[in-house]
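Please see the structure below; I have some questions.
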Amino acid sequence: MDFQLSEELQQLSDSVQRVVEKAYDFEARKKIVASDLGHSAEVWNTFAELGLLGLPLSADHGGFGGSSSDLVSVMEAFGAGLVVEPYVSTVSMARLIERAGSDAQRAAVLGAVAEGSMKLALACAEAGSRYDLAAIETTARRDGDGWVLDGTKIGVIDAPMADRIVVTARTSGKAGGVSLFLVPRDAKGMTLKTYRTQDSLRGADITLSGVRVGGDALIGAEGAGVAALEEALDFASALLCAEAVGAMKYACDATLEYLKTRKQFGVPIGSFQALQHRIVDMYICTEQSRSITYLACARVDGTDPADRRRVVSAARVKIADAARQVGQEAIQLHGGMGMTIEMKVSHTFKRLTMIGQTFGDADYFIERFAA
């Protein structure tokens, strides 16, 4: 496999890195996180101008027809900068609509996403569901030409800033029986309890009480939501793996620089062989994670669902383990300073920890790999 970027992708990668370095230096990020929006509208518009929002979408829908592998360098830059924009939520749900939605849904959503005027989020988790997409109690019942949704969703990342939210609901009591609905965030009967997450993203718990949507809100066939959603979440997982690689690379670089400058007994602590071994282990973990991320991104666009699930699951297990080791070592090698909120490495550790829990933890993906 050729891991070299094409000239166009290298130019895009360089542009993204420049934007992140300029707009997401650590002090600027603090202001973005503390803002009412929880993200930067200016940065989001820049992403749209660079074509990042339309990169994974086909040219027929205002995109550029990029593969998942084309997004690796973009997500690595986001991971290094700890970008809090709702990128993964938006492009993964847009890809779901492109593949499973109706012509009308594609026309209404995909162009708006590519130009930056629409953000998306996913509401699928419920209390006790434990990453099982089918273990939900939210219901959708027919009402004339439309549907009425009732239930509660928890941990909906990026919901406060989304314009539309993809909601999972049970439309029958049979095995499966789960459907997907595209619901406006301001729909009558939808209530959001918003909060800031441990890694400085914005999330919400959502209550749906008699939320009425039209028949055109149903994404794909009734009762066929789990398969479509699983494919979309594998795509999102591959992007999160790439983001984690970028965050781990930053943790390695920041820790190495600290070891070179922090002195003990009159010499840089990086001269101690035991610490050299530990920073090398961090680097090896990061490079192994990059390799399996490329494999996952290559397979997530394939046509074999079983192969996709297996490889993505393996990647998520490796990333979770590596993120824990690299994050913890970065904190330890920085000493007590590593735990302070003034140090970016502490926020990197939090983001790596949360990536390891998103859509499933290591235990979940081990079971999924074995199945």
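The values are calculated or read from the model by the stated rules, or taken from the named source; none is laboratory data. For clarity, every value in this text was computed on a predicted model and none was experimentally measured. With ideal geometry, Cβ positions are generated from the backbone for all residues, glycine too; neighbour counts draw on all protein chains shown.
Got at least one residue in segment 245-254 being assigned by TED's automatic domain parsing to the domain that holds S346, without any contact (Cβ under 8 Å) to a residue 40 or more places away in the chain and not aromatic (F, W, Y)?
yes
Condition first: of a type outside the set (S, T, Y) and either over 13 Å from A123 (Cα atoms) or without any contact (Cβ under 8 Å) to a residue 12 or more places away in the chain (or both). Now tell me which residues in segment 194-211 satisfy that.
First, the residues of segment 194-211 that are of a type outside the set (S, T, Y): 196, 198-199, 201-206, 208, 210-211.
Listed by number, the residues that qualify are R196, Q198, D199, L201, R202, G210, V211.
I'd like to verify a number: residues in segment 78-111 that are crowded, with 20+ Cβ neighbours inside 10 Å, of a type outside the set (A, V, I, L, M, F, W, C) and not in a helix (DSSP H, G or I), how many?
3
Can I ask one more? Restricting the search to segment 276-306, which residues are within 22 Å of M337 (Cβ to Cβ) and either of a type in the set (K, R) or surrounded by fewer than 20 Cβ atoms within 10 Å (Cβ to Cβ) (or both)?
Q276, H277, R278, I279, V280, D281, Y283
Could you list, in sequence order, the residues of segment 272-309 that are without any contact (Cβ under 8 Å) to a residue 40 or more places away in the chain and of a type in the set (D, E, K, R)?
If the condition is that a residue be without any contact (Cβ under 8 Å) to a residue 40 or more places away in the chain and of a type in the set (D, E, K, R), then E287, R299, D304, D307 are the ones that fit.
So which of A121, A114 is of a type outside the set (D, E, K, R) and not in a strand (DSSP E or B)?
A114
Still on this structure: Quick one: in segment 318-334, which of the residues that are over 16 Å from the mean Cα position of the chain (by Cα) and without any contact (Cβ under 8 Å) to a residue 60 or more places away in the chain is surrounded by the fewest Cβ atoms within 10 Å (Cβ to Cβ)?
Looking at the filtered set, the residue picked out is Q332.
Condition (residue is surrounded by 19 or more Cβ atoms within 10 Å (Cβ to Cβ), closer than 13 Å to S179 by Cα and not basic (K, R)) applied to segment 148-164: is it met by at least one residue?
Yes, some residue in segment 148-164 is surrounded by 19 or more Cβ atoms within 10 Å (Cβ to Cβ), closer than 13 Å to S179 by Cα and not basic (K, R).
Pick from segment 26-61 the residues that are of a type in the set (S, T, N, Q) and part of a helix (DSSP H, G or I): which of them is surrounded by the fewest Cβ atoms within 10 Å (Cβ to Cβ)? Don't jump to the end; show me each part of the working.
The first filter runs over segment 26-61 and keeps only residues of a type in the set (S, T, N, Q), leaving 35, 40, 45-46, 58.
Next, from what is left, pick out any that are part of a helix (DSSP H, G or I): 45-46.
Numbers: N45: 14, T46: 18.
My answer is N45.
Here is a list: V280, V317. Which entry is over 30 Å from S92 (Cβ atoms) and modelled with pLDDT of 95 or more? Break it down stepwise before answering.
Values: V317 fails: over 30 Å from S92 (Cβ atoms).
Sole residue among the options that is over 30 Å from S92 (Cβ atoms) and modelled with pLDDT of 95 or more: V280.
Failed condition for E342, given (1) out of contact with any helix residue (DSSP H, G or I) (no Cβ under 8 Å at 6 or more places or on another chain); (2) closer than 12 Å to L82 by Cβ, with all others met?
That leaves (2) as the condition not met.
Just give me the residues in segment 194-211 being surrounded by 14 or more Cβ atoms within 10 Å (Cβ to Cβ) and either among the basic types (K, R) or at positive phi (or both), in sequence order.
Scanning segment 194-211 gives R196, S200, R202.
Does segment 114-132 hold any residues that are touching a strand residue (DSSP E or B) at 6+ places or on another chain (Cβ under 7 Å) and either free of Cβ contacts under 8 Å to residues at least 24 places away in the same chain or not charged (D, E, K, R) (or both), and which are they?
M118, L120, A121, L122, A123, C124, A125, A127
Okay, moving on. Mind listing whichever residues of segment 140-162 are more than 16 Å from V88 (Cβ to Cβ) and touching a residue at least 40 places away in the same chain (Cβ under 8 Å)? Walk me through it before giving the result.
Kept after step one, since they are more than 16 Å from V88 (Cβ to Cβ), are these residues of segment 140-162: 140-154.
Answer for segment 140-162, where residues must be more than 16 Å from V88 (Cβ to Cβ) and touching a residue at least 40 places away in the same chain (Cβ under 8 Å): A140, D143, D145, G146, W147, V148, L149, D150, G151, T152, K153, I154.
From the list L149, L192, L208, L182, exactly one residue is outside the structural domain of V311 (by TED's automatic domain parsing), farther than 30 Å from V83 by Cβ and either assigned to a strand (DSSP E or B) or in contact with a Gly (Cβ under 6 Å, 6 or more places away or on another chain) (or both). Which is it?
One residue alone meets the criteria, L149.
If I filter segment 124-141 down to residues being assigned to a loop (DSSP other than H, G, I, E, B) and charged (D, E, K, R), which single residue comes out as farthest from the chain's Cα centre (by Cα)?
Here the residue is E137.
If you take the residues of segment 63-72 that are surrounded by fewer than 19 Cβ atoms within 10 Å (Cβ to Cβ) and touching a residue at least 12 places away in the same chain (Cβ under 8 Å), which of them is nearest to H347 (Cα to Cα)?
Looking at the filtered set, the residue picked out is S67.
Another one. Could we say that R309 is assigned by TED's automatic domain parsing to the domain that holds E243, modelled with pLDDT of 95 or more, outside any loop (DSSP other than H, G, I, E, B) and closer than 20 Å to S129 by Cα here?
The answer is yes for R309.
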